[in-house]
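A short write-up of the structure that comes next.
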Amino acid sequence: MVDEEEIIRVAKLMKIDLEDHGEHVSRVKKMLEYFDILDQIDLSSEEITSQQKSLNELRKDEFIPYDKKLIESLKNFREHYVRAPKMN
Amino acid sequence: MNLNTSILKYIEDVKSGKFTVEEFTAATLQRIKDVDEDVHAYLSLNDSAINDAKKIDQKMSSGEKIGQCYGFPISIKDNICITGTKTTCASKMLENFIAPYTSTVVNHLQNEDAVITGKTNLDEFAMGLTTEFSAYGPTKNPWNLDYVPGGSSGGSAASVAANECLASLGSDTGGSVRNPASFCSVVGVNRTYGLISRYGLISYANSIEQIGPMTKTVKDSAFLLNIIAGQDDNDDTTIDNSNVNYLDGIENGIEGKKIGIIKEMTTSDGLSSEVSAATKDAINDFESLGASCEEVTLPTIPYTVAAYYTITSTEAGSNLARYDNIRYGYEMDSEGYEYNSYISKSRTKFGPEVTRRIILGGFVPSAGHAGKYFLKALKVKSKLISEINSAFEKFDYLIAPTAPVQPFRFGEKIDDPVTLMLLDYNTVTANLTGKPAISVPYRISNGLPIGMQIMANSLQEKALFQAAYALETKTKLPEVPL
């Protein structure tokens, strides 16, 4: 059984404001309860597979010039700096 | 002007001078004007479409080399970037986002002289199956405006079905190309993972999602894949397809091929009787085409939807962390806010489904929960890959209906998250395994479409198109009543 308090705590960590989104908790809970189906499958002999790529297959690590100033498309910037709210 | 034509027929007609690119583009734009108020397939239109068309006409008349597309009109899902145009992902969060670069797929299309008509509607950030989660209102199904068009690429599918373009590019994470293709009676392709560059596709679940063509005919999808597939320096997950021409041999047929009918997808509880009946007829059609059909069981399938939502939510939680309203976002004064509370407040602009997926995406991989959810989901993925690889040792194709049900009315399923998730039941297997799959329009039953899904082994798109084309020749579908 998933604890609603736990969902609220995770939402806060994900920077989701639950004061406005309280109704989502029950729906998230329903989805998590459906995921319990994963407890019914035997995965004891399974390994997690991943795709691998060697370094020489990657694109060259080189500077690609860009002709526009991307920062100018932001709403809040001053010179070369992005403006952000104060950190406490 | 007949707008209900294929890309290949259009190219033939433009070449023979039956009409100019400008004339066809103008007629298409007029059609959009006439029907899109009802259908709402588009979120924005390309203001320079007519000029683009004129330029291609001029190139033709001056004998310059023309790209393979000859100016056919194509719409693009609004999570794929084109320089200088709005790319909203159907979210209020990106309401005014102007893309600073063009995606590789659109570059390919523009280099080959396609005319972009505009950007199409989707569920916000491609999370959904009905377009009801678009922040700008849903797209309607051109076959019956009271019904959902499927999703998330619902705008793309509807734009093709309603003759508001000849083709579209969608993106498929768990069925987002094939499901709306099935619901709107168009062809939708989800190819081998890595075949098409994702550069310029706004990420939702990047280990799984792919861009895919949506067209009126199977041949058109093969044609479009020829143009957009291939390795890309800007996407390291792309793979070499050795410049295969997917149209070559497309009419070769499927005589002697072995087809596996996926038991779990054709006998599931959620399957409607109409879809079940259509599937039986499709199996008969495949047999009459000379293929042999046999049931195959993939026992992991009942766990795939949970695994899929676990993995994609995790990736969404990470990918969508960038929307903090500092780098991207909308006007919201930061005065008086502390850093974290500003970000949380600004993120209330996300719609309900995106909000929930972000919460889920934080929950399922977190310390204390990863073992129960995320790591298990990855193992389900591994198990499914082994199962499907063994199935493909025996079979050339695996088939099932694309969606377990036909299109339904707006509002009918939106309140139950589990019912909504299960609409993906037949499509997520291709995404989790990276195998190619295609949805072929098969039947119109009670005025609403049913599509059949064919899957093939990795990089067997050419064979996939052969089977899809063979099935298409067995169907005779009515024109859209719009």
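The values are calculated or read from the model by the stated rules, or taken from the named source; none is laboratory data. Bear in mind the structure is a predicted one, so any value in this text is a computation, not a measurement. Cβ atoms come from the backbone with ideal geometry, glycine included; neighbour counts cover every protein chain shown. Note: accessible area is taken over every heavy atom of the protein model, side chains too, but ligands, DNA and RNA are not part of it. Shrake-Rupley method; radii C 1.70, N 1.55, O 1.52, S 1.80 Å.
Values computed for the structure shown
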read-out	value
Average beta-carbon neighbours from other chains, 10 Å sphere, peptide B:98-106	1
Per-residue mean of C-beta atoms belonging to partner chains within 10 Å, peptide B:375-385	5
Accessible area per residue, Å², chain B with all protein chains present, probe 1.4 Å	33
Cα gyration tensor category, rounded, prolate or oblate, for chain A with a/c compared to 1.5	oblate
Prolate/oblate/rounded label for the stretch B:309-452 (Cα gyration tensor, a/c 1.5)	oblate
Anchor residue B:376: lysines whose Cα lies under 19 Å away (excluding residues fewer than 8 positions away in-chain)	A:29, A:30
Contact surface B-A: accessible area buried, both sides summed, square angstrom, 1.4 angstrom probe	5200
Span-like helix ranges in chain B, DSSP H, alpha carbon extent 27 angstrom or more, Kyte mean at least -0.5	B:374-394
Beta bridges per DSSP with both ends in chain B, % antiparallel, nearest 5	65
With Cα atoms, 0 to 90° folded angle of helix A:4-13 axis to chain A main axis	10
Heavy-atom surface of chain A, accessible at 1.4 Å and reported per residue (Å²)	83
Shielding score for A:39-49, defined as the mean number of other chain Cβ atoms within 10 Å	6
Within straight-line cross-link reach of residue B:258, lysines at Cα separation under 27 Å, skipping those fewer than 8 residues along the same chain	B:216, B:219, B:280, B:381, B:383, B:394, B:435, B:462, B:474, B:476
Contact order relative to length of the stretch B:74-181, as percent, for alpha carbon pairs under 8 angstrom and 6 or more apart	26
Acute angle (nearest 10 degrees) that the helix A:24-35 long axis makes with the longest principal axis of chain A, alpha-carbon atoms	60
Principal axis dimensions, the protein assembly as shown - Cα atoms, whole angstrom, descending	69, 58, 53
Gyration tensor (alpha-carbon) shape descriptor, the stretch B:1-130, a/c threshold 1.5	prolate
Where GluC sites (Glu not before Pro) fall in DSSP loop in the stretch B:352-433, at most 16 other Cβ within 10 Å	B:412
Cross-link reach list, lysines versus residue A:86, counting only Cα pairs under 18 Å and skipping chain neighbours closer than eight places	A:15, A:75, B:345
Sulfur and carbon atoms: percent of accessible area, the protein assembly as shown [1.4 Å]	46
Calculated diffusion of the stretch B:7-252, Stokes-Einstein form, Kirkwood radius summed over Cα pairs, 4 °C and 1.567 mPa s, µm²/s	74
